[in-house]
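The values are calculated or read from the model by the stated rules, or taken from the named source; none is laboratory data. Keep in mind that what you see is a predicted model, and the values were worked out from it rather than measured. Heads up, the Cβs are rebuilt from the backbone with ideal geometry, glycines too, and the neighbour counts pull from every protein chain shown. SASA here: full protein model, heavy atoms, side chains in, ligands and nucleic acids out. Shrake-Rupley method; radii C 1.70, N 1.55, O 1.52, S 1.80 Å.
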Number of protein chains: 6
Amino acid sequence: MPFVIVEMWEGRTLEQKRALVKAITDAMIEHAGAKPDHLHVVIHESTLDNWGRAGVLGSDEAKG
Amino acid sequence: MPFVIVEMWEGRTLEQKRALVKAITDAMIEHAGAKPDHLHVVIHESTLDNWGRAGVLGSDEAKG
Amino acid sequence: MPFVIVEMWEGRTLEQKRALVKAITDAMIEHAGAKPDHLHVVIHESTLDNWGRAGVLGSDEAKG
Amino acid sequence: MPFVIVEMWEGRTLEQKRALVKAITDAMIEHAGAKPDHLHVVIHESTLDNWGRAGVLGSDEAKG
Amino acid sequence: MPFVIVEMWEGRTLEQKRALVKAITDAMIEHAGAKPDHLHVVIHESTLDNWGRAGVLGSDEAKG
Amino acid sequence: MPFVIVEMWEGRTLEQKRALVKAITDAMIEHAGAKPDHLHVVIHESTLDNWGRAGVLGSDEAKG
């Protein structure tokens, strides 16, 4: 009965999300013994100004 | 001093959210001994294309 | 298909957790239209030294 | 290799977010021994109707 | 620069965790364009009494 | 009314956690306009075998 949260920047296509959710689900079934019916994956998409790495906002890094 | 995060699909009305936050707060006060003043509930609403179950995106399941 | 995460201090009994999970589930069903079979509640229990409010650790506040 | 999630109401300016991400990163480096290059901060901005305190939605409290 | 949180029951072996983290990382690289060096996966292991589905604690379900 | 979650490896001392919670709280007050009384910081400490970067578990990286 696991649940997976993906925190990432916005901008992936529907195709990418579809493949990502499928691949993470397969990984959980194969390696963690999860049953697919109760397995959820949620994607939290972040805008560039709501994410920082090494103390720098993504929106500033993109300009750099 | 608890904090509750609700991950769910978008689409609930303001009325539903109001009642949900109240009911979860009441549950925390009654069963977990929480003090209401320091008790927060945040709702993360997900679009259908950012949530998958059993490896299938919500936006694909809705079409099926 | 919602998922609820409860962040709170450790120390609740099994009885309290049982009642809490039931009450939050009921709240989600009644007010958010969730189907119980796909509804998960996870409790993250925190030790007093891993939680701060107003800048003060719980383990220091308890001594105060 | 830490990761920090900030849950807060929407409405901060880009300037505030930039300073906040920098200050949290500095705090993690100074007090938790984190290396900046692998340190991420993500901000989850919540609308007023997706947050409740003491059982009352932020959007209702703002009216009160 | 994504970050993945896996919420699941305790009990997986080190081997399983190693394979799971590798497979999720590969999924993120292939389908979400993530760079591995900045990609983190954290596993939150839950005890049976800190997880409920359909309103029933895992520790009660295991007995049923 | 913000809430901050810190995901990091275990091993910080009480002193470090105390200073970290204080510094993050100060950052939130100064840069995000948070009121300290309703500001919570929770630390999720992860064991080395529950965290991976670049597809490698922390417990394996430590050995390398």
Original post:
So which of B:63/C:35; D:35/F:63; B:22/F:17; C:63/D:22; D:35/F:22; A:22/C:35 end up more than 30 Å apart by C-alpha?
Top reply: B:22/F:17; C:63/D:22
Original post:
Amide H of residue F:39: which non-local residues (sequence gap of 5 or more, or other chain) have their own amide H closer than 5 Å, using H built in the peptide plane?
Top reply: C:54
Original post:
Which value, in square angstrom to the nearest 100, describes the accessible area buried between chains C and E on both sides, using a 1.4 angstrom probe?
Top reply: 1300
Subject >> 1.4 Å probe accessible area per residue over the protein assembly as shown, in Å² >> reply: 38
**OP:** Quick one: pull the percent of accessible area on segment B:3-63 belonging to carbon and sulfur, 1.4 Å probe, ligands and nucleic acids left out.
**Re:** 56
Subject >> Loop GluC sites (Glu not before Pro), chain D (other Cβ atoms within 10 Å of the site Cβ: 15 or fewer; DSSP) >> reply: D:10
Subject >> Helix-derived mean residue ellipticity, 222 nm - over the protein assembly as shown, DSSP H n ≥ 4, -39500 (n - 2.57), to 500 >> reply: -12500 deg cm²/dmol
Original post:
Once you treat every alpha carbon in the protein assembly as shown as an equal point and sum by Debye, what is log10 I(q)/I(0) at q = 0.08, 0.15 Å⁻¹?
Top reply: -0.37, -1.56
Original post:
Helix D:14-32 versus the longest principal axis of chain D: what is the Cα-based angle in degrees, 0 to 90, to the nearest 10?
Top reply: 50
Original post:
Along segment A:33-45, what does the Karplus equation 6.51 cos²θ - 1.76 cosθ + 1.60 (θ = phi - 60°) give for ³J(HN,Hα), rounded to whole Hz, x for Gly and Pro?
Top reply: x, 6, 8, x, 4, 10, 9, 10, 10, 10, 9, 9, 8
**OP:** Determine the distance separating the Cα centre of segment B:10-40 from the Cα centre of segment D:14-64; give it in Å without decimals.
**Re:** 21
Original post:
Hey, what do the phi angles of segment C:48-54 turn into as Karplus ³J(HN,Hα) couplings, whole Hz, using 6.51/-1.76/1.60 and θ = phi - 60°, x for Gly and Pro?
Top reply: 4, 8, 10, 9, x, 10, 6
**OP:** Counting residues in segment A:3-63 as N, plug N into 2.2 N^0.38 Å and put the Cα Rg over that result.
**Re:** 1.38
